[in-house]
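Undergrad: Submitted below is the structure of interest, expressed as structure tokens.
The values are calculated or read from the model by the stated rules, or taken from the named source; none is laboratory data. The structure displayed is predicted, hence computed values, not measured ones. Note: ideal-geometry Cβ built from the backbone for every residue, glycine included; neighbour counts use all protein chains shown. The accessibility values were calculated without ligands, DNA or RNA, using every heavy atom of the protein model including side chains. Shrake-Rupley method; radii C 1.70, N 1.55, O 1.52, S 1.80 Å.
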Amino acid sequence: MNGDRVNQIIDAYGGDRTSTLAMLQDIQREYNYLPREALELIARRLELPPGHVYQMATFFKAFSLSPKGEHICKVCLGTACHVKGGAIILEALEREFKVKSGSTTADGKLSVEGVRCLGACALAPIVVVDDEPHGQMSSDTSIKLVQEVVSGQVAKAPAPAEVKPAVVRAAVDLSAVPPAG
Amino acid sequence: MADLYRADVLISCLHGQSADLAPTFRQEIERRGMAGEVRVVETGCRGFCSVGPVVSIQPDGEFYVNVQPADVPEIVEETLVKGRPVQRLTYKEPTTRKSITKYDDIPFYGKQMRIVFRNTGLIDPQSIDEYIAVGGYEALGKVLTSMTPEEVIEEVKKSGLRGRGGAGFRTGRKWESTRKAKGDVKYVIANGDEGDPGAFMDRSLMEGDPHAVLEGMAIAGFAVGANQGYVYVRDEYPLAVKNLNLAIQQAHEYGLLGEDILGSGFAFDIGIVRGAGAFVCGESSALMQSLEGKVGEPRSKHVHATDRGLWDRPSCLNNVETLANIPVIMLRGAEWFASIGTENSKGTKGFCLVGKIRNPGLIEVPMGMTLKEIIYDIGGGPPRGRKVKAVQTGGPSGGCIPTSRLDLAVDYETLSQAGSMMGSGGMIALDDRTCMVDISRFFLEFLKDESCGKCAPCREGIKRMLEILTAISNGDAKMGDIDTLETLAKTVQAASLCGLGKSAPNPVLSTLQYFRQEYEQHITEKFCPSGVCRSLVAYVVVDDKCKGCGLCIKVCSQESIAGSAKQPHVIDQATCIQCGACFDACRFDAIQVIPRSQVELLPKQEVHA
Ligand SMILES: Cc1cc2nc3c(=O)[nH]c(=O)nc-3n(C[C@H](O)[C@H](O)[C@H](O)COP(=O)(O)O)c2cc1C
Ligand code: FES
């Protein structure tokens, strides 16, 4: 873990305690987990009891306290995906890649986990591999997809391009708005 | 003013596989020399997810489904140059296979009424100009220049608008309490946490029309006397966060947020806070704790948030869908809004219609529409050969309504009386392949994980109920267990601290009310007729029906099925894991679910792999 990077994240929020959650989210995004030293650093910098930071890190589902694999496969277990067999896909992946849900393969290549609703329920069941959602999956197609990703046949999804702020024009036409009074 | 174009190409489903569509369209349009005439717009969700990505061409409204980049040259040539539809890509009515060219003529949209989702899918959510061009921020202008806060509150009260976040609290009353509460500093908070697993209305709204939420918040701020608002968004929705951020930035640049908005002296600013995947944080007091940077644990409700909420100051919390209704009500008037819907539930409601249904997607219907119309007319009914068994509404806090009661109208009271609730808008169609015990177990497992653990009835009660349900689905339960389950459920309902615990028993109680016999069957016959509770069932091939097509062999991930072409196939019970893939794949109803106990009685069959 890079202490400078964590310090940068803390500074980005002005070291403000009410933003602890946002800092943890940024660190999670950066490292895919919350390194112990990062939690300690936050506690020290924000003058919070380490237990308080730890409590937040364990309360919210988005955080992980152990490192993740090189590739991450999330299987949706939300209601829509459940009734369409999400759990069966997860089980098939566990069997195929010899990894328990919520953990990482011995070679560190793949983490598999079940998650709650990814907000694409109409395309259930959903499997997300390296942040790329795939809809209407089955056990077979999921296994094939993960195999391809892990063996490097499919490149990691490129980071989404930044949005260009729309060209903003100087005046707003509010002529339709009735005058005061 | 925005430039004028001859035609617009609207592309939806940006979280589907359509990322390449817009660049392909732009390139092709450029190549044909029409860059100044035709504009390509990437819009939000059009709701018709099963046929996405969809493309529609304005102003004529040609509507194309399942569009791939390879289809682009043909669309440009035929529709944009020659002005005729590409039949190959139009929507086909599933029963008649009739081709429907125009968006408005498709039955999926025909019965819908779009107020909240008036702009999603039709404008570029990342452009404030487009929002303004369709009448956006006009309501804010009207409110700030010609109305007093009391008049705004009166209008909202008259409209009959009720909260879309679940409980259906009257929005006008909530605003009034916040306005009357003592204190100089007040807050408006938009709830975009959308914790219900199986729902994405709020996501589509925040991604597809973020300004509608912001405008609603600014009007709420003016009405209750707040100068600061917060949107609490699920962290799983990065595009919603991005579009909201962009929208706030643009609104600032246009002077529609910030100091002295439109010269009225009213100041209002909005910040975004990301949640981190805790269902309970959608609950009002937990959400406010989380906004304060603490762990999201609910408090007991002897003090109302409207008096002492965020940082102990008067706070008005509304769901994002509730807020998106506000600008329209202000512009078109309370009478108009109140004319839609039923006696006590006004306006429309967005639902996320999913599960075992032909046309899953995001829909918006007037209150009072029957579940039957929603499921059959809009949703197209269950998939081929299946029967609708029940409809689940209200997410983990709601319940299941059986087919026999599908003529119920969608409104707050009717759904509650039926043992379910409106909830935030998840609507999941369940068919005869869904087990009611399993559905209860599913929700309780979810709630067990999500219970914050602060109060004992919820923390312990949910766990014990889950144990009983697990025993039932494993075939380890006895008859008296159902009564224990029911007693437990009622205790948890009565004694829990917050809405999570109070409503947690709903999935159990409603399925017990309508499907008790199915619970009993699991216990007495040790059988799950839907084939879901795997320790109780086995799948076998019905020899006379099997045509030996081999489809089941293909889908079996265990390689447990064998057989040669045109001969009845055989399932090896020793390796079968009862996943049911063969059952779902078979076109001839040749796979049957039988009680596990009957496997031994089957004639011994040789399996040749
Ligand atoms: C456990 C629990 C979870 C909730 N989750 C949400 C949610 O995800 N989104 C939401 O808008 N309201 C949710 N609510 C309801 C809120 O507490 C609150 O009533 C609502 O946001 C108020 O807005 P409204 O009056 O516009 O409906 C939840 C309530 C409970 C008890
Ligand atoms: S339930 Fe899986 S995406 Fe919503």
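Undergrad: Arrange the peptides B:141-148, A:103-110 so that the one whose residues have, on average, the most other Cβ atoms within 10 Å appears first.
TA: Working: B:141-148: 18.5, A:103-110: 15.2.
Ranking, from highest mean packing down: B:141-148, A:103-110.
Undergrad: Here's something else I'd like to know. Please compute the length gained on full extension between B:Q27 and B:W311, using 0.36 nm multiplied by the number of residues separating them and subtracting their Cα-Cα distance. Write out the running numbers ahead of the final one.
TA: Details: separation 284, 0.36 × 284 = 102.24 nm, distance 5.20 nm.
Contour length minus the Cα-Cα distance gives 97.0 nm.
Undergrad: Modelled label-to-label distance, B:S339 and B:A494, 7 Å Cα→beta-carbon offset: nm?
TA: 4.8 nm
Undergrad: Can I ask one more? List the trypsin sites (Lys or Arg not before Pro) within the stretch B:534-609 that DSSP assigns to loop and that have no more than 11 neighbouring Cβ atoms inside 10 Å. It would help to have the intermediate numbers written out before the result.
TA: Working: sites: B:R534, B:K545, B:K547, B:K554, B:K566, B:R587, B:R596, B:K604; in loops: B:K545, B:K547, B:K566, B:R587, B:K604.
Sites meeting the loop and neighbour criteria: B:K566, B:R587, B:K604.
Undergrad: Continuing with this model, one more query. From the backbone phi of the stretch B:317-331, what are the Karplus-calculated ³J(HN,Hα) couplings (6.51 cos²θ - 1.76 cosθ + 1.60, θ = phi - 60°) in whole Hz, Gly and Pro given as x?
TA: Per residue, the Karplus-derived 3J(HN,Hα) values read 9, 9, 5, 4, 5, 4, 5, 5, 6, 4, x, 5, 4, 5, 7 Hz.
Undergrad: Expected output is a single nm value to one decimal: the length gained when fully extending between B:E37 and B:Q68, i.e. 0.36 nm times separation in residues minus the C-alpha distance. What is it?
TA: Numbers: separation 31, 0.36 × 31 = 11.16 nm, distance 2.27 nm.
Net length gain for the segment: 8.9 nm.
Undergrad: Relative to the present Cα-Cα distance, how much length would full extension add between B:D104 and B:D483 at 0.36 nm per residue of separation? If you can, show how the numbers build up before the last one.
TA: Details: separation 379, 0.36 × 379 = 136.44 nm, distance 5.09 nm.
So the chain would gain 131.4 nm between B:D104 and B:D483.
Undergrad: While we're looking at this one, here's another question. In Å³ and rounded to a whole number, note down the convex hull volume per residue for the Cα atoms of the stretch A:3-59.
TA: Working: hull volume 3.9 nm³, N = 57.
Spelled out: Cα convex hull of the stretch A:3-59, divided by residues, is 68 Å³.
Undergrad: If you don't mind, another one. Return a single number: how many Lys pairs in the stretch B:436-524, at a sequence separation of 8 or more or on separate chains, have alpha-carbon atoms below 18 angstrom apart. Walk me through the numbers before you get to the answer.
TA: Details: B:K448/B:K463; B:K448/B:K490; B:K448/B:K502; B:K454/B:K463; B:K454/B:K502; B:K463/B:K490; B:K463/B:K502; B:K490/B:K502.
Number of lysine pairs found: 8.
Undergrad: Separate question: Measure off 7 Å from each Cα along the Cα-to-Cβ vector at B:D589 and B:L601, then give the distance between these two points in nanometres to one decimal.
TA: Modelled inter-label distance: 2.2 nm.
Undergrad: Could you sort B:K186, B:K242, B:K502, A:K100 by their accessible area in this structure, using a 1.4 Å probe and putting the largest first?
TA: Working: B:K186 15, B:K242 60, B:K502 90, A:K100 140 Å².
Sorted by accessible area, descending: A:K100, B:K502, B:K242, B:K186.
Undergrad: Between helix B:149-159 and chain B, what is the angle of the helix's C-alpha long axis to the longest principal axis, kept within 0 to 90° and rounded to the nearest 10?
TA: 40 degrees
Undergrad: Moving on. Among the lysines, select those whose C-alpha is under 16 Å from the C-alpha of B:K182, and discard any that sit fewer than 8 residues away in the same chain.
TA: Straight-line reach from B:K182, under 16 Å: B:K174.
Undergrad: Also: Give me the angle, in degrees from 0 to 90, between the Cα long axis of helix B:456-474 and the longest principal axis of the Cα atoms of chain B, rounded to the nearest 10.
TA: Long axis of B:456-474 versus the principal axis of chain B: about 30 degrees.
Undergrad: Still on this structure: Ignoring any ligand, DNA or RNA, what whole percent of the accessible area of the protein assembly as shown comes from carbon and sulfur when the probe is 1.4 angstrom?
TA: Values: 15980 of 31970 Å².
Carbon plus sulfur share of accessible area: 50 percent.
Undergrad: Can you compute the FRET efficiency between B:Q249 and A:E132 using 1/(1 + (r/R0)^6), with r the Cβ-Cβ distance and R0 = 25 Å? Round to the nearest 0.05. Intermediate results must be reported in sequence, preceding the final value.
TA: Working: r = 28 Å, r/R0 = 1.10.
In this case the efficiency is close to 0.35.
Undergrad: Let me ask something else. Averaged across B:572-583, how many Cβ atoms of other chains sit within 10 Å of each residue's Cβ atom?
TA: Per residue, the number of nearby Cβ atoms from other chains is 2 on average.
Undergrad: For the pair A:S103 and B:H304, how long in nm is the line joining their label points, each one 7 Å along Cα→Cβ?
TA: Result for the modelled spin labels: 5.2 nm.
Undergrad: Then there is this: Measure nothing but the geometry: give the 0 to 90° angle between the long axis through the Cα atoms of B:210-224 and the longest principal axis through the Cα atoms of chain B, rounded to 10°.
TA: 60 degrees
Undergrad: Continuing with this model, one more query. Mind checking B:195-205 for the average number of partner chain beta-carbons within 10 Å of each residue's beta-carbon?
TA: On the way: counts 2, 5, 13, 12, 6, 8, 1, 1, 5, 1, 0.
The per-residue average across the peptide is 5.
Undergrad: Which whole-number value in Å² is the accessible area per residue of the stretch B:2-106, probe 1.4 Å? Walk me through the intermediate numbers first.
TA: Values: 4920 Å² over 105 residues.
Ligands and nucleic acids excluded, the result is 47 Å² per residue.
Undergrad: List the pairs from A:K100/B:K547; B:K349/B:K387; B:K92/B:K547; B:K356/B:K545; A:K68/B:K294; A:K74/B:K346 whose alpha-carbon separation is above 28 Å, in the order I gave them.
TA: The answer is A:K100/B:K547; B:K92/B:K547; A:K74/B:K346.
Undergrad: Run the helix sum for chain B: -39,500 (n - 2.57) per DSSP H stretch of 4+ residues, divided by residue count, reported at 222 nm to the nearest 500 deg cm²/dmol.
TA: Value at 222 nm, helices only: -10000 deg cm²/dmol.
Undergrad: Right, here's the next one. Evaluate peptide A:59-66: per residue, the Cβ atoms of other protein chains within 10 Å of its Cβ; return the mean as an integer.
TA: Average neighbour count from other chains, rounded to a whole number: 5.
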